[in-house]
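Notes follow once the structure below has been shown.
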Amino acid sequence: MDPVRRPVEPEAPASADSAGASVDLLTSTYQAHYRSLLRLAALLLDDQSSCEDVVQEAFIRVHSARRRVREPEKILAYLRQTVVNLSRSTLRRRILGLRLLPKPMPDMASAEEGAYDALERDQLKAALRSLQRRQREVLVLRYYADLTEAQAAELLGVSVGAVKAYGSRGLAALRVLMESGND
């Protein structure tokens, strides 16, 4: 069975819309006022591509609702209001997006800093291993374990003067080793 074919009614010309703004009016408004609407959006937004998107969306929306426009001479006013409203919506979405971004940790180091710190730690460990045993012990107890000279002397079974001497010589040797490793 063949479907019943209905005759296609011819569409009215674009300029003869009985109610609302015509496509021709909207096209001429686009040609005449696109740049001014773009400048309006630029005053409200910060980047060119967003401005272009907002103006294009405004024309699309007004085109879709052109039959509801009661006074076609006010089409430019409708477009301006639509550009302003769309710009506001764009800004609201951006602000909401910024609020929802995860907050960075306050003292969080970047990946590069972490890599440099790891390299520096490895270099420091290698330099400490190359020191004399007593120098290494004194430096670790004094600066890593945060013991006083007297506490380190008591723990190692040496005098406070010996801790000072081992510490001084150990720091000097460590400084030389670390500087030679950076070259």
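I need the Debye-formula profile for the stretch 40-107: one equal scatterer per C-alpha, no solvent, reported as log10 I(q)/I(0) at q = 0.18 1/Å, two decimals. The calculated log intensity ratios at q = 0.18 Å⁻¹ are -0.71.
Counting only heavy atoms of the protein chains and using a 1.4 Å probe, Asp46 has close to 120 Å² of accessible surface. Applied to the stretch 136-141, the Karplus parametrisation 6.51 cos²θ - 1.76 cosθ + 1.60 on θ = phi - 60° returns per-residue 3J(HN,Hα) values of 4, 4, 5, 5, 5, 5 Hz, with x for Gly and Pro. One quarter of the surface of the convex hull around the alpha-carbon atoms of the stretch 92-154 equals 6.7 nm², the direction-averaged projected area. What the stretch 38-146 shows is 75 Å² of accessible area per residue, with the surface traced by a 1.4 Å probe over protein heavy atoms. What percentage of all Cα-Cα pairs in the stretch 28-183 are separated by more than 29 Å? So the portion of pairs separated by more than 29 Å is 57 percent.
3J(HN,Hα) along the stretch 32-48: 7, 10, 4, 5, 5, 5, 5, 5, 4, 5, 5, 6, 9, 10, 10, 10, 4 Hz, from the Karplus curve 6.51 cos²θ - 1.76 cosθ + 1.60 with θ = phi - 60°, whole Hz, x for Gly and Pro.
The values are calculated or read from the model by the stated rules, or taken from the named source; none is laboratory data. The model shown is predicted, which means the values in this text are computed figures rather than measured ones. Just the protein is used for accessible areas: all its heavy atoms, side chains included, with ligands, DNA and RNA removed. Shrake-Rupley method; radii C 1.70, N 1.55, O 1.52, S 1.80 Å.
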